[in-house]
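Have a look at the structure below before the remarks.
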Amino acid sequence: MKSLSLLVVCMTLSLTAQEKTDTSFFNYFPTITADRLAGHLYFIASDLTEGRETSTRGQKITANYIANQYRMMGVKPMGTVKTTDPFAPDIYFQPFSVYKRAKPNSTIEVRVNNAAVITSSFSLEHQDDLAYFASGEPKDVQAGIVFAGYGIAADSLKYNDFKALSSQKISITGKWVLIFADEPLLNDSTSLLPTANKKVSAWSKLFLTKITSIIQAGQPAGVLVIGDLSPRQKLSIRQLAAQTLPQFDRIGGVTLKSDNSSAFLPPTYVVSSQFADAILKNTGYTSASLQQAINKNLKPVVMNVKDVEVVAKGEHFDALPTENVLGYIEGSDPILKNEVIVVSAHYDHLGKNDDHLGHDQQQKDQIFNGAADDGSGTAAVLTIAQAFMNAKNAGQGPKRSILFLNTSAEEKGILGSRFYTVDQPVIPLERTVVNINMDGVGGIDLKHPTKSKNYIYLVSSPVLSKSLVDINSTANKLINDGLEITPNAFPSDHINFAVQMIPYLYYSTGLTEHYHKVTDEPQTIDYEHLARVTRLVFATTWTIANKPNLNLPDRTKFKINGYICPPCNLPCDNIHFDKPGVCPVCQMALAPNVLQ
């Protein structure tokens, strides 16, 4: 340790008197090692935990592991479970429920003047050539219909169905929106719209592009997509329906509220032209003739379909239990201990993928181990907690209190942290001064701007978190591990703290080469790099925990100019919302657009 001590002395002397920083965090670096991190990660991201999908056995095995690690460290439990067994891991748990969004059993029918004229049913055992539930919120709907052409709003392509609806004063709110799949096409690879080189555009390739435009135009009861008239579609409705079956064997998408009160995607059904023709029967059109008219003139044809309703009903699911895991170190300063730093990482992942596997393929690796995402962050949180406990046991505990928050259901739309911050903040939010979040701090992004393999992306708010960025920068210089700090923007659990105007730092190695693949295995991690990142996060958290004045802004004085979707590289990135809530496209909590 002589050379390390000399480095600390030299670096400290190089700072001015005003910049002097507490460097005692170096005393606790010896336990932040590649070996210790690997010890955690090889269990957390093992096949034994089965991909840790929310509410599954593997997720609960991991929750028990985290809780028992905290117990062995001496970290105080801060769970909400009431139990008479003081040694049960449950005392570290904050339980909450999620609800499946897929509808394996559903019916949808067309009613003309209240009389059913065509009915489609869908289940694991039965699919037909009429319709099937594709995505969105699984709620029962009975509503009228608006035909909205292709559901495209593209002024740059000189085609906008929603401007046509607006000019005719037709509202889609509270109605089913009936649209064609894809866009006006000459064939399966050539657009009739003035796209670049006549290639098929995002309006065909990414359905969320259409959903975004629909949501911007109103609040529809649901969406009906005519799926068998596009030259891009080679399968029948029955075949398409059968392809959705594997999703019902998994947890899949979930909601946080049993009453589905959060803003989720409208229920979306893919329907046949036969089903659509039953809707359009009294309009004088068929779905094919409407498509021909639009494609010929490249002008929208839209209408309010009168005296017709579509009624959809589906299976409702029981609650699925899951839990956040919470450990706590109380601060040593009689005043500063009332201020709390939340150090967070999600421990859930994607589970197992049995999609489209034949019997001869069942032996292939189908477990999403999630080593980088976010087994690495979870291992880092446990290692940082151990370092702080070592300091506390040595009489050098943090002055501010620290809550270690391991969230579930992050992969389902950052639900665990939303439950913590909105439904049940164990520590009052007014006492929560900073969130330090880690999501994917292992692995390497092959598209890093400088192609560095010794970097960490840092996400922060220029309004909320400037002083924290400065603290991190100083710590990085002191440590002198050569880590390249690269500003970036990714969504994760810190968003729910940002919504509450809580300053944050989010550390990530980004979209790594194994991101959301079954190849995200423990053996792919550079553990020496993970240790360097973990030491930086610990040193930054140490400084925040012990610095008398953090120079944080007074968040009560901020003005909020609406709400925006956190950057997620989906079309919803550009939507501006008037009220807080959840982005109906990507399901992320909306972040306040803060003005100073």
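What to note about this one:
- Filter result for CYS568 (in a loop (DSSP other than H, G, I, E, B) and either in contact with a Lys or Arg (Cβ under 7 Å, 6 or more places away or on another chain) or surrounded by fewer than 19 Cβ atoms within 10 Å (Cβ to Cβ) (or both)): yes
- Residues satisfying the stated conditions in the range 462-485, i.e. of a type in the set (Val, Ile, Thr) and closer than 21 Å to SER344 by Cβ: VAL463, VAL469, ILE471, ILE485
- If the condition is being of a type outside the set (Val, Ile, Thr), farther than 29 Å from PRO584 by Cβ and outside any loop (DSSP other than H, G, I, E, B), then the range 407-457 contributes GLU430, ARG431, TYR455.
- Restricting the first member to the range 93-122 and to residues that are small (Gly, Ala, Ser), and the second to residues that are surrounded by 22 or more Cβ atoms within 10 Å (Cβ to Cβ), the beta-carbon pairs closer than 6 Å and six or more apart or on different chains are SER106/PHE122; SER106/PHE133; SER120/ILE108; SER120/LEU130; SER120/ALA131.
- On inspection, ALA38 passes the criterion of being on the phi < 0 side of the Ramachandran plot, of a type in the set (Gly, Ala, Ser), open to solvent by less than 30 Å² (accessible area, probe 1.4 Å) and over 21 Å from the mean Cα position of the chain (by Cα).
- Residue within the range 181-201 that is touching a residue at least 24 places away in the same chain (Cβ under 8 Å), open to solvent by 10 Å² or more (accessible area, probe 1.4 Å) and in contact with a Gly (Cβ under 7 Å, 6 or more places away or on another chain) present: yes
- Restricting ASN496, ASN472 to residues that are at pLDDT below 95, surrounded by 21 or more Cβ atoms within 10 Å (Cβ to Cβ) and either assigned to a strand (DSSP E or B) or among the polar types (S, T, N, Q) (or both) narrows the list to ASN496.
- Considered as a group, the residues in the range 312-340 that are hydrophobic (A, V, I, L, M, F, W, C) and open to solvent by 10 Å² or more (accessible area, probe 1.4 Å) include one that is nearest to ASN546 (Cα to Cα), and that residue is LEU336.
- The residue list GLN239, GLN247, GLN292, GLN274 contains one member that is open to solvent by 60 Å² or more (accessible area, probe 1.4 Å) and touching a Gly at 6+ places or on another chain (Cβ under 9 Å), which is GLN247.
- For ASP318, the conditions (1) of a type in the set (Asp, Glu); (2) over 27 Å from GLU53 (Cβ atoms); (3) not in a strand (DSSP E or B) are fulfilled apart from (2).
- Of the residues making up the range 483-512, those that are under 17 Å from the mean Cα position of the chain (by Cα) and among the β-branched types (Val, Ile, Thr) are ILE495, VAL499, THR509, THR512.
- Test: residue in the range 416-427 that is closer than 20 Å to ALA67 by Cβ and among the aromatic types (Phe, Trp, Tyr): yes
- Any hit, the range 423-435, residues being modelled with pLDDT of 95 or more, under 16 Å from the mean Cα position of the chain (by Cα) and under 28 Å from HIS514 (Cβ atoms): no
- Residue that is most open to solvent (accessible area, probe 1.4 Å) [pool: residues in the range 504-556 that are among the polar types (S, T, N, Q) and closer than 28 Å to ILE367 by Cβ]: GLN523
- THR212 vs. criteria modelled with pLDDT of 95 or more and either at negative phi or open to solvent by 10 Å² or more (accessible area, probe 1.4 Å) (or both): no
- Residue among ALA164, ALA116 that alone is out of contact with any Lys or Arg (no Cβ under 6 Å at 6 or more places or on another chain), farther than 28 Å from LEU235 by Cα and surrounded by fewer than 21 Cβ atoms within 10 Å (Cβ to Cβ): ALA164
- Single match in GLY413, GLY377, GLY370 (criterion: open to solvent by less than 10 Å² (accessible area, probe 1.4 Å), modelled with pLDDT under 95 and over 18 Å from THR543 (Cβ atoms)): GLY413
The values are calculated or read from the model by the stated rules, or taken from the named source; none is laboratory data. Since we're looking at a predicted model, the values are computed, not measured. Positions of Cβ are generated from backbone atoms using ideal geometry, with glycine treated the same way; all protein chains shown enter the neighbour counts. These accessible areas exclude ligands, DNA and RNA; they are computed on the full protein's heavy atoms, side chains included. Shrake-Rupley method; radii C 1.70, N 1.55, O 1.52, S 1.80 Å.
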